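What follows draws every value from the coordinates through simple rules; no lab data is involved. Computed from a prediction, not measured in an experiment: that's the story for all the values here. Please note: Cβ atoms are built from the backbone with ideal geometry, for glycine as well, and neighbour counts cover all protein chains shown.
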Amino acid sequence: DAGVHSKAWYAATCDRKTAEDALYRSNKDGSFLIRKSSGQDSRQPYTLVVFYNRRVYNIPIRFIESTKQYALGKEKNGEERFNSVAEIVENHQCTSLVLIDSQNNTKDSTKLKHIVRVS
């Protein structure tokens, strides 16, 4: 268990559009939630959805089978790994999360500050 089910920021079966709409409505930098990934792939079970600078970022959360850990985004050397999804959230409430805009190739960063609940 990734430690997500009892958390306020976990929007279980919420789809991408519903999550994005909820974040646009919040309109606060650092608003976030975690939803199940649409692909239902065991190697990428969840998606971290973050609002920053009037944009919504969908960041895949990967499950690393060999170590039973979680990591954000595409696999990279020296990446941070966590024992649960809850640890990722706790870490990025204190440490900035780098947001990469793949279209414009720009980088921003924000902390996870405001939990968004999907009604």
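Would you mind checking Lys28/Lys68; Lys7/Lys107; Lys68/Lys107; Lys7/Lys76; Lys36/Lys76; Lys17/Lys74 for any pair whose Cα atoms are more than 26 angstrom apart?
Values: Lys28/Lys68 33 Å; Lys7/Lys107 28 Å; Lys68/Lys107 29 Å; Lys7/Lys76 28 Å; Lys36/Lys76 22 Å; Lys17/Lys74 22 Å.
The answer is Lys28/Lys68; Lys7/Lys107; Lys68/Lys107; Lys7/Lys76.
Please work out the FRET efficiency for the pair Arg54 and Asn83, using the Cβ-Cβ distance as r and a Förster radius of 25 Å; give the result to the nearest 0.05.
0.15
Where the convex hull is taken over the Cα atoms of the chain, what is its projected area averaged over directions, in nm²?
Values: hull surface 28.5 nm².
Mean projected area for the chain: 7.1 nm², to one decimal.
In deg cm²/dmol and to the nearest 500, what is the mean residue ellipticity at 222 nm of the chain if only DSSP H runs of at least 4 residues count, each as -39500 (n - 2.57), divided by the residue total?
Calculated at 222 nm, the ellipticity per residue is -5500 deg cm²/dmol.
Once you put a point 7 Å from the Cα of Arg16 and another 7 Å from the Cα of Ser66, both along the Cβ direction, what distance in nm separates them?
Once both label points are built, they end up 2.9 nm from each other.
Could you list which residues have their amide H under 5 Å from that of Thr110, counting only those 5 or more apart in sequence or on another chain, with H placed in the peptide plane?
Leu97, Leu99
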